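Everything on this sheet refers to the single structure shown next.
The values are calculated or read from the model by the stated rules, or taken from the named source; none is laboratory data. Predicted model only: the values in this text are computed from it and were never measured. All Cβ positions, even for glycine, are placed from backbone atoms using ideal geometry, and neighbour counts span all protein chains on display.
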Amino acid sequence: MSDNAGSNTAHLETILGCHDHDPGKLLQILREIQEQYGHISPDAITRIASQLAIPRARAESVASFYSFLHIKPDGAYRVLFSDNITDRMLGSEELMRRMCQQLWVEPGKVSEDGLVSINTTSCTGMCDQGPAMLVNGRAITRLTHQRVQEIGHLIRNRTPLADWPADFFRVDDNIRRKGLLLDNKLAPGDALRAALTLGAANIVEAIKASGLRGRGGAGFPTGLKWEACRNAAGITKHVVCNADEGEPGTFKDRVLLTSYADLVFEGMTLAALAVGAQQGYLYLRGEYRYLLEPLQAILQRRRDKNLLGEKILGQPEFDFDIAIHLGAGAYICGEESALIESLEGKRGVPRNRPPFPVTHGYMQQPTALDNVETFCQAALAIQMGAEKYKAIGTTKSTGSKLISVSGDCPRPGIYEYPFGVSVRDVLQDCGAANTRAVQISGPSGICIAEGEFGRKLGFEDLPTAGAFMVFDDSRDMFEVARNFVHFFAHESCGFCTPCRVGTSMLKQTMDKIAAGHGTSHDLNEVENLDRVLQTSSHCGLGRTACNPVLHTLKHFRPAYENRLKSLDFEPAFDLDGALARARQMTGRDDTGAHLNTEET
């Protein structure tokens with residue numbers, strides 16, 4: 001652990017004690033150990049496994065699964081540049097090169113003195129104020145050449161993060177358009193009081209009558225989910241909030257947790273009343289570590305006001321509390337069953353389904369799991385009444401939707417609309433001009449071209465989890481798709497062979513085309529690969545991995561064809577070119593010294 005073994009042992013015992021030596025809290029224990037010591041040493045893993053009475057292999061497996069955890073010493077300053085496409089469009093690659101040169105460190109490595117390591121991370125959830133980075137888990141926004149140089153000096157001088165300029169860590173909400181949710185006037189407890197007048201059973205009926213559907217993109221009816229959980233066998237039930245918004249281009253949950261956390265917790269609490277749960281969990285993505293203490297303070301304030309804890313609002317059988325679990329850098333944990341596995345202190349590997357979380361969720365017990373925005377909308381639907389809520393939006397998409405707008409527009413940020421708004425209206429509101437394409441719902445969603453800007457956001461047409469990425473006519477859509485493909489290959493959990501191998505093959509194909517060795521055969525193979533991934537991947541990551549390529553091929557095929565070397569198959573490895581060094585050494589460059597690539 002470190003040189004002072006006795007002190008380290010005592011501190012480890014303190015951390016374990018705070019988590020009641022519960023193996024289910026393994027991820028939180030590992031995270032706190034790393035925050036204290038910079039990495040999780042083999043000795044620490046051994047002691048943790050022993051104290052929790054679990055196999056050491058399990059502890060090490062969990063520690064090695066999450067990208068923000070390190071089982072080997074890393075730099076005292078761990079710098080991660082966001083590698084999302086919008087950050088790249090704002091110049092993140094050049095900024096990273098500048099910092100590497102300034103600090104004499106290679107990307108992906110630790111400096112010789114152990115001071116700093118510099119690498120990339122998939123997306124920090126700061127797409128509206130990038131380029132962004134994480135330094136020891138703290139988000140820094142609005143990077144410029146000057147700011148990067150200043151950060152380099154602070155690192156070189158070993159200045160503690162607490163003494164860095166506060167403006168470096170400023171994260172703005174950037175709310176550009178308010179509606180039903182963002183302009184609500186609810187005070188803490190209002191929705192709960194309305195729910196209590198309805199009664200537990202009628203809450204579910206009201207949510208069903210409101211037409212509320214999950215805001216994570218799939219759009220499953222929230223009332224049906226809560227009803228299934230309420231009716232599931234078993235006494236112990238749970239409510240879980242998915243705040244692990246890892247989809248590139250999405251940052252609405254960040255804003256809701258920053259400025260509307262009471263409404264989030266209110267929605268979770270009325271869900272608990274509806275399904276009969278006494279414990280709730282908010283799974284917060286690791287990139288939002290800076291929100292942990294403020295959210296814990298809000299939870300305590302709600303306990304003090306009798307809005308959480310025992311006998312909520314004086315109701316003798318209404319006990320419910322919420323704990324926050326912090327993720328550690330794993331996009332796959334946004335998938336609900338993988339999130340539950342992670343919540344239980346395991347690797348975030350998706351489960352086989354069925355059974356579904358409503359009957360076999362957290363600890364194999366009935367669990368109502370929804371995302372941040374869904375719980376907010378549920379609180380609004382209960383407070384204003386099902387009929388009034390249902391009157392907003394469209395027939396199959398009731399209420400409003402938060403859109404995270406980023407990319408080529410002068411006013412990126414959060415926009416709220418009733419369902420049914422057109423893509424063109426959003427583009428006009430954010431000031432976008434000369435728009436070539438819009439990526440709806442992140443890399444796993446759909447890319448649309450100008451001819452489709454009249455389409456509407458809603459479950460009838462363009463369902464979305466909230467990402468709205470704008471690309472103008474200066475952008476190369478091949479490179480956009482290539483960035484998304486690299487993202488999927490990096491974030492595959494590796495559990496199933498089709499996804500693990502398929503995303504890697506897709507990445508290699510895109511890189512082959514980028515290097516000038518692509519052919520029409522490679523483009524055809526993407527469609528074949530998509531069929532394999534669609535039918536055999538374990539979860540949605542693999543099934544959507546080919547979407548960026550297929551959609552951009554449909555609308556922007558010349559961006560691919562202009563890179564193709566020939567219409568026939570060509571291997572990515574140039575064997576004749578690899579023999580050039582041998583020819584030089586032997587002084588031969590005649591026909592016999594070259595491979596005959598022509599058919600005989």
>> Please pick out the residue among ALA386, ALA465, ALA381 that is modelled with pLDDT under 95 and either of a type in the set (Lys, Arg) or crowded, with 17+ Cβ neighbours inside 10 Å (or both).
In response: ALA465
> Within the range 172-179, can one find any residue that is among the aliphatic types (A, V, I, L, M) and outside any loop (DSSP other than H, G, I, E, B)?
Replying inline: yes
>> Would you confirm whether or not the range 139-160 contains a residue that is farther than 17 Å from SER92 by Cβ and among the small types (Gly, Ala, Ser)?
In response: no
> How many residues are part of a loop (DSSP other than H, G, I, E, B) and aliphatic (A, V, I, L, M) when one looks only at the range 95-128?
Replying inline: 3
> Can you name the number of the only condition in (1) in contact (Cβ under 8 Å) with a residue 60 or more places away in the chain; (2) buried (at least 20 other Cβ atoms within 10 Å of the Cβ); (3) closer than 23 Å to ILE324 by Cα that GLU35 fails?
Replying inline: (2)
> Which numbered condition trips up MET469, out of (1) under 21 Å from CYS430 (Cα atoms); (2) without any contact (Cβ under 8 Å) to a residue 12 or more places away in the chain?
Replying inline: (2)
>> If PHE356 satisfies all but one of (1) in contact with a helix residue (DSSP H, G or I) (Cβ under 7 Å, 6 or more places away or on another chain); (2) surrounded by fewer than 24 Cβ atoms within 10 Å (Cβ to Cβ), what's the number of the condition it fails?
In response: (1)
> Within the range 516-531, is there a residue that is at pLDDT 90 or above, surrounded by 17 or more Cβ atoms within 10 Å (Cβ to Cβ) and closer than 26 Å to SER337 by Cα?
Replying inline: yes
> Counting residues that are free of Cβ contacts under 8 Å to residues at least 12 places away in the same chain and not assigned by TED's automatic domain parsing to the domain that holds GLU491, which helices (runs of 4 or more DSSP H) fully inside the range 196-277 reach at least 1?
Replying inline: 200-210, 222-231
>> Please verify whether ILE312 is more than 30 Å from MET126 (Cβ to Cβ), among the β-branched types (Val, Ile, Thr), crowded, with 19+ Cβ neighbours inside 10 Å and modelled with pLDDT of 95 or more, treating the condition exactly as stated.
In response: yes
>> Regarding the range 316-336, can at least one residue be identified that is within 17 Å of LEU192 (Cα to Cα) and free of Cβ contacts under 8 Å to residues at least 40 places away in the same chain?
In response: yes
> Only one of these conditions is not met by LYS185: (1) modelled with pLDDT under 95; (2) closer than 21 Å to ALA368 by Cα. Which number is it?
Replying inline: (2)
> Any idea which of ARG56, ARG97 is loosely packed, with under 15 Cβ neighbours inside 10 Å and closer than 30 Å to THR9 by Cβ?
Replying inline: ARG56
> Under the condition of being part of a helix (DSSP H, G or I) and among the aliphatic types (A, V, I, L, M), which residue from the range 507-525 is nearest to GLY542 (Cα to Cα)?
Replying inline: MET510
> What is the residue count in the range 303-354 for residues that are part of a strand (DSSP E or B) and within 21 Å of GLY24 (Cβ to Cβ)?
Replying inline: 7
> Is there a residue in the range 159-169 that is in contact with a Gly (Cβ under 9 Å, 6 or more places away or on another chain), surrounded by fewer than 19 Cβ atoms within 10 Å (Cβ to Cβ) and closer than 21 Å to GLY329 by Cα?
Replying inline: no
> Tally time: how many residues in the range 68-94 are of a type in the set (Gly, Ala, Ser) and in a loop (DSSP other than H, G, I, E, B)?
Replying inline: 3
>> Given the criterion of a type outside the set (A, V, I, L, M) and closer than 20 Å to GLY216 by Cβ, identify the matching residue among GLU450, GLU491, GLU527.
In response: GLU491
>> With the requirement that a residue be polar (S, T, N, Q), assigned to a loop (DSSP other than H, G, I, E, B) and at pLDDT below 80, what does the range 545-600 give you?
In response: ASN596, THR597, THR600
> Taking strands (runs of 3 or more DSSP E) that do not extend beyond the range 378-483, which have at least 1 residues that are more than 25 Å from the chain's Cα centre (by Cα), over 30 Å from GLU266 (Cα atoms) and among the basic types (Lys, Arg)?
Replying inline: 435-440
>> Could you go through the range 414-421 and let me know if any residue there is on the phi > 0 side of the Ramachandran plot and of a type in the set (Ser, Thr, Tyr).
In response: no
>> Which of the numbered conditions does GLY518 fail, given that it passes all the others? Conditions: (1) touching a Lys or Arg at 6+ places or on another chain (Cβ under 7 Å); (2) free of Cβ contacts under 8 Å to residues at least 40 places away in the same chain.
In response: (2)
> In the range 129-161, how many residues are assigned to a loop (DSSP other than H, G, I, E, B) and either under 23 Å from ILE403 (Cα atoms) or among the small types (Gly, Ala, Ser) (or both)?
Replying inline: 6
> How about the range 499-513: which of its residues are touching a residue at least 40 places away in the same chain (Cβ under 8 Å), of a type outside the set (Val, Ile, Thr) and surrounded by 19 or more Cβ atoms within 10 Å (Cβ to Cβ)?
Replying inline: CYS499, GLY502, LEU506, LYS512
> Looking at (1) at pLDDT below 95; (2) surrounded by 22 or more Cβ atoms within 10 Å (Cβ to Cβ), can you tell me which one LEU80 breaks?
Replying inline: (1)
> Mind checking which pairs have a first residue in the range 131-158 that is farther than 21 Å from ASP113 by Cβ and a second that is modelled with pLDDT under 95 and of a type in the set (D, E, K, R), Cβ under 9 Å, 6 or more apart or different chains?
Replying inline: GLY137/GLU35
> Hey, among the residues in the range 361-377 that are part of a helix (DSSP H, G or I) and in contact with a helix residue (DSSP H, G or I) (Cβ under 8 Å, 6 or more places away or on another chain), which one's surrounded by the fewest Cβ atoms within 10 Å (Cβ to Cβ)?
Replying inline: MET363
